[in-house]
Amino acid sequence: MIRNTSGVVAALGRLATAFGLLAAMVVGVALINVLGAPSSAPWAGPPVEREPEPAPVEPGSTAPPVEEPLPQSIPGVDPGQLEPGADPVRKWADEVATVVDIPARAIVSYVNADLAMRQHQPACRISWATLAGIGRIESNHGRFAGRILREDARSSSPIIGVPLNGGPGVREIPDTDGGLLDGDVVHDRAVGPMQFIPGTWRKWATDGNGDGIGDPQNLDDAAVSAARYLCASGRDMTTGTGWWAGVMTYNNSVEYAQKVFALAETYAEAGNRRR
């Protein structure tokens, strides 16, 4: 188990530092509006099986809507050299994507979620790299089973997990949404690139791209929702105990948390190199 040692704290500090240069950005982050369950089902097509993951446990707190971050500037990116209307977040994401196996569009989703949380819940200090580590394990950044993450932040086909029917490696969770999100009226299934179960999504659903819908299949929405989930209960994700507790609520597995940590540190180092 990861302990709150000086080495771990230093590593977690690097995760936060990796995004420090992005905290001051000219970025048109969409308004973040906390929604209830989507009014229409984003699910389409038959369920698609994936390797089972234990379902997340709800932390037990909700959050009010947050405001749009104020426009600022990025060290190392001269706004005068950008094309009119160019997004500096995407410019940075394109550069980072050349050194890590993450689609640039996914990096934009994780970074915008980080920015939103810095505005809404700055004491949490969650990093885009931690969100990316989770996104890699849960769905390979929306590319599970050969899918492609499109420019609208949705996978080329919906990602639906195995039925949570009490089988090997999974909890039993009877259907809670009438099959609205997962197409299963018997048992719940985890949905989307960040693999939310419907009951958890209903509590944490967030509109991350300003289209008025909280859609678990959209990585912009799912990344902000995951960030809020991880930051629940006043956690500081730059401390060993806070980071460990947050990730363990997402998936109560030591091996899972260790994998997320290793991935996040790799992504953070890549981000730092792009300064």
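Taken together, the values in this text are just the output of simple stated rules run on the coordinates, not laboratory data. In this text the structure is predicted, and so the values were computed from the model without any measurement. FYI the Cβ positions are ideal-geometry reconstructions off the backbone, even for glycines, and counts take in every protein chain you see.
Per-structure values
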quantity	calculated
Footprinting exposure proxy for TRP201, TRP92, TRP244 (fewest neighbouring C-beta atoms within 10 Å first)	TRP244, TRP92, TRP201
For SER253, SER233, SER139, order by how many other beta-carbon atoms lie within 10 Å, fewest first	SER233, SER253, SER139
